[in-house]
Amino acid sequence: MTALTITHTAAAGTLLEGTNKGDGSAEILRGTGWRWSARIASWYVPRSRDRAPSRHLIARTAQLLEEAGFEVEVEIDATPRSASDVEQDRHDRAAQRVDELTARAAHQGDRAQQSEAVARRIADGIPFGQPILVGHHSEARHRRDLARAQRARDIEHDARTQQEDLERRAAATAAADAARSEPRAVARRISTLETQLRKITRSIEGYRNHLGDQFPPASGDQLTRLRDELAHVDEDLAHWTRVRAQQIADGSAIALTRDDVACGDLVAYRGQWFPVLRVNAKSVSVRSLAGGSWTDTIPYHQISGHRPKQV
């Protein structure tokens, strides 16, 4: 039986090659979460590109395939790619997607115009207000013309609907891509990555929880998995920290701490200004963002503007 190869790299994700149609591998792979891609002619693990390898899934897949009589080789390179390269690839894919959707929308627009012209040309050939003359020799042609005009209008409507949908999808894709580098999104991402970093580091080193339960340092497969994840988080955090620093330097973002803000100052959040009621370690308290009588908190990294209290 042909040997199967499971590989993982950051750029390609987790792939399996060497299978043949009808050899019995498909049932095993689908049952463990793999998917077939006709584009690359290979089985793959969804959302595995530029992520730490799922060593447990890879080991489980190899075990099931070997139990079914397959010979399996496993090659894992857990080294993360440069986060800037990952982001550039993501941006390029988004731009390509926008171009494809825009081209398809333009095609539907042309289709709609052509169908509209056909319907208009047929209608122009029928005198305005002319009824169908039942029994007259023109009856059959008149009915055919009306049916053709209606089909053209239906095609036009369908094409316009598809055009609008494709244009919305193109706009949404472009907006989502641009939003990744929006200063508040970058700040949120850094905060999330810092939380992940602390959690992984704690699990590697061992810790005691709030109930007093002691968790020993990670070892074996768990340690390998955590180190894989830590490498990716480290790379991502370093990249987005550089992006944040550049945004602060060029004035598109501000960096505030509790030492920079005082009660009575105004802070901007989502296009509105709010007076600061209380200064906290990681946030400021303001009147309800929804207009209620309670207070809400705004993390410092989500503040987009600051005006000191006028004395």
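Bear in mind these aren't lab numbers, they're just calculated from the coordinates by the rules spelled out. Here the structure is a predicted model, which is why all the values come from computation and not from measurement. Here the Cβ positions follow ideal geometry from the backbone for every residue, glycine too, while neighbour counts run over all protein chains shown.
Candidates 175, 248, 223 compared by Cα position along the dipole of the stretch 129-269: farthest toward the positive end lies 175, with charges placed on Cβ. Put a dot 7 Å past the Cα of residue 282, heading toward its Cβ, do the same for residue 81, and the two dots end up 3.2 nm apart.
Charged neighbours of residue 92, selected by a Cβ distance under 15 Å, balance to -1 (K, R count +1; D, E count -1). Share of pairwise Cα-Cα distances greater than 31 Å in the chain is 61 percent (whole percent).
Projected onto the charge dipole of the stretch 4-76 (+1 at Lys/Arg Cβ, -1 at Asp/Glu Cβ, origin at the Cα centre), which of 22, 70, 42 gives the Cα projection farthest towards the positive end? Final value for the positive-end residue is 42. Fewest-first ordering of 181, 54 by other beta carbons within 10 Å of each residue's beta carbon gives 181, 54.
Listed by chain and number, the lysines whose alpha-carbon sits under 22 Å from that of residue 309, ignoring those within fewer than 8 places in the same chain, are 282.
For the stretch 171-234, the equivalent ellipsoid derived from the alpha-carbon gyration tensor has semi-axes of 33, 14, 8 Å in decreasing order.
Basic side chains Lys and Arg get +1 at the Cβ, acidic Asp and Glu get -1 at the Cβ, and with that the dipole of the stretch 85-179 about its Cα centre reaches some 760 debye. Applying a DSSP loop filter and a limit of 14 other Cβ atoms within 10 Å to the GluC sites (Glu not before Pro) in the stretch 66-159 leaves 71. Computed about its Cα centre, the charge dipole of the chain is approximately 1240 debye, with only Lys, Arg, Asp and Glu carrying charge at their Cβ. The share of Cα pairs per 10 Å bin across the stretch 85-179, counted from zero up to the longest distance, runs 16, 30, 19, 15, 11, 6, 2, 0 percent. Spacing of the modelled spin labels on residue 171 and residue 208, each 7 Å from Cα toward Cβ, amounts to 5.8 nm. If R0 is 35 Å, the Cβ-Cβ spacing of residue 132 and residue 107 corresponds to a FRET efficiency of close to 0.50.
Compared with the alpha-carbon gap, the fully stretched path from residue 273 to residue 185 is longer by 29.8 nm at 0.36 nm per residue. The value given for the stretch 4-76 is a Kirkwood hydrodynamic radius of 12.1 Å, derived from the mean inverse Cα-Cα separation.
Modelled this way, with points 7 Å down the Cα-to-C-beta line, the labels at residue 259 and residue 23 are 6.4 nm from one another. Once each part is reduced to its C-alpha centroid, what is the distance from the stretch 162-180 to the stretch 2-46 in angstrom? Taking the Cα centre of each part, the stretch 162-180 and the stretch 2-46 sit 31 Å apart. Taking the Cα centre of the stretch 1-156 as origin and assigning +1 to Lys and Arg Cβ atoms and -1 to Asp and Glu Cβ atoms, the resulting dipole is close to 940 debye.
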